[in-house]
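**Student:** First the structure, then my questions, so here it is.
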Amino acid sequence: MLKGEIRVPGDKSISHRSIMLGSIAEGKTEIKNFLVSEDTLATMECFRKMGVHIDTRKDNVVVEGVGKSGLKNPEKILYCGNSGTTMRLTSGILVGQDFPSILVGDSSLNSRPMKRIISPLRQMNGNIKGVEDEYPPLEIYPSEKLKGIHYKMPIDSAQVKSAILLASIYAHGQTCIEEKGFSRDHTERMLKCFGADICKTDKLTCIKDNAKLKGQNLFIPGDISSAAFFIVGALTLKGSDILIRDVGINESRIGILEALKEMGGDIEIQNKRIVNYEPIGDIRVRYSKLKGININGSRIITLIDEIPVLAVAAALAEGTTTIRDAEELKYKESNRLNAMAVELNKMGAKVEELEDGLVIEGVSFLKPATLNSHNDHRIAMALNIAALNADGKSHIQRGECVKISFPGFFDELYKLLI
Ligand code: S3P
């Protein structure tokens, strides 16, 4: 069972954005509870290569902002590692620069779709190319002045929305983005915090051109996507009772809490407050008997990264859980629909893979197995929680990839495990 109190490291999405906005702001940005992980270090390295001085002491980071026109020609290729957020968001900033740049990723990132950012950035006059107009490496060249656009998002994606918003800082004329769903809005909140004139009404976000950004003092909330592994662990392991302090509970991210509550999960949010425009709270979770539910439509985007661990909860719930409208999961760090179906079935679960989701029939127990993380951090952590629920020893191959988003995952897990 899991018992006790922990904190999880800073939110990955917000940590990336704090380096990016801090770099192009005027003056110093001091960041507390920054997530130190491979993905966020990739962003940091890219901005260091463009001449930004960034000082780190554990999870305290100081960025000496160079102003929006102060980035320097990196001369070398910008390596984004496994991080889609680094590549897609940084591209939004790079289309506005007067120097050329090349962005490349690891083998997983180099096979992820980029047309989704190439198209709108080109509409803004950005000079950006990919392999077959779709895959990295991305080549970006100086262009004529960027122009603001009104963009109707064909898919729900905070990375695409954010790339456009960051490019708008270098554009002439207002930019508006219309979304179908409610993707995470950390870029909008942080831009506001740094002084941009940005406003959001329901599904429409508009930002005035030429935003002037001023360095800030930031506290990064704990990552709800990291907390989700312990939340599902506590719900599924008999006798568990845990408290996770200082977790980000932004409305666009709490789909996982709502889904697990609907499944019968005993989850309580305490001590709610707002820091730097982001809501934060402490999450108390107790072991609960879970039942299957249906999850689809606009809810998917609010729990997109938590579907692997939600599948573990569903595999142990009573009845059937059906997840639909989640095709995007095929284009993440791995094909997450396939990975979870294949790996959970090795443990005796009953998971059917669909084109856009999963049908999971709950079983009363999981059996130990040799599992594969597919080199995907979220699959590795979800499988660890599944393995804790099996009676016997499982082995998870390529499990070290947790360092992409949560290097201290095993330490925190051992703190809670009794
Ligand atoms: C992220 C947005 C989401 C999410 C990813 C982080 C972000 O991706 O899955 O882990 O920081 O903006 P999409 O924009 O592809 O939905």
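We did not get these values from a lab; they are worked out from the coordinates using the rules stated. Predicted, not measured: the structure shown is a model, and the values here were computed from it. Heads up, the Cβs are rebuilt from the backbone with ideal geometry, glycines too, and the neighbour counts pull from every protein chain shown.
**Student:** Given the C-alpha centroids of region 71-149 and region 195-236, what is the distance between them in whole angstrom?
**Tutor:** Each part reduced to its Cα centre gives a spacing of 22 Å.
**Student:** State the cysteines of the chain left without a partner when partners are defined as other cysteines whose beta carbon lies under 4.7 Å away.
**Tutor:** When partners are defined as cysteine Cβ atoms under 4.7 Å apart, the chain leaves Cys46, Cys80, Cys193, Cys199, Cys401 without one.
**Student:** Shape of region 11-219 from its Cα gyration tensor (a ≥ b ≥ c, root eigenvalues): rounded if a/c is under 1.5, otherwise prolate when a/b > b/c, or oblate?
**Tutor:** rounded
**Student:** Taking a ≥ b ≥ c as the square roots of the Cα gyration tensor eigenvalues, with a/c under 1.5 meaning rounded and otherwise prolate when a/b beats b/c, else oblate, which class fits region 256-361?
**Tutor:** oblate
**Student:** Enter the angle in degrees (range 0 to 90, nearest 10) between the Cα long axis of helix 38-49 and the first principal axis of the Cα atoms of the chain, meaning the one along which they spread out most.
**Tutor:** So the helix axis and the longest Cα principal axis differ by about 10 degrees.
**Student:** Also, quick follow-up: Skipping prolines and chain starts, which residues have an amide H placed within reach, meaning under 5 Å, of the one on Gly81, given they are 5 or more residues away or on another chain?
**Tutor:** Distant-sequence amide H within range of Gly81: Asp106.
**Student:** Can you tell me the relative contact order of region 173-262? Whole percent, Cα pairs under 8 Å, sequence separation 6 or more.
**Tutor:** In percent, rounded to a whole number, it is 27.
**Student:** Sticking with this one: With an 8 Å cut-off on Cα pairs and a minimum separation of 6 or more residues, tell me the relative contact order of region 221-416 in percent.
**Tutor:** 18 percent
**Student:** May I pose another question? Please give the calculated 222 nm ellipticity per residue for the chain, where each DSSP H segment of at least 4 residues contributes -39500 (n - 2.57) and the sum is spread over every residue; nearest 500 deg cm²/dmol?
**Tutor:** Counting only the DSSP helices, I get -9000 deg cm²/dmol.
**Student:** Can you give the longest stretch of the chain with no exposed loop site, where a site means GluC sites (Glu not before Pro) in a DSSP loop (not H, G, I, E or B) with at most 12 other C-beta atoms within 10 Å?
**Tutor:** Answer - 145-250.
**Student:** When only C-alpha pairs under 8 Å and at least 6 residues apart count, what is the relative contact order of the chain, in percent?
**Tutor:** Computed over the chain, the figure is 16 percent.
**Student:** Quick one: which of Lys289/Lys403; Lys12/Lys72; Lys28/Lys76 span more than 29 angstrom between C-alpha atoms?
**Tutor:** Checking Cα-Cα distances, Lys289/Lys403 exceed 29 Å.
**Student:** Moving on. Grab the Cα-Cα distance for Glu262 and Lys76, subtract it from 0.36 nm times how many residues apart they are, and report the gain in nm with one decimal.
**Tutor:** 62.0 nm
**Student:** Need one word for region 221-416: rounded, prolate or oblate. Basis is the Cα gyration tensor (sqrt eigenvalues a ≥ b ≥ c); a/c below 1.5 gives rounded, then a/b vs b/c decides.
**Tutor:** rounded
**Student:** Could I ask something else about it? What do you get for the angle between helix 336-346 and the principal long axis of the chain? Use alpha-carbon atoms, 0 to 90 degrees, nearest ten.
**Tutor:** 20 degrees
**Student:** What is the helix-to-structure angle for 84-94, meaning the angle in degrees between its Cα long axis and the longest Cα principal axis of the chain, kept from 0 to 90 and rounded to the nearest 10?
**Tutor:** 10 degrees
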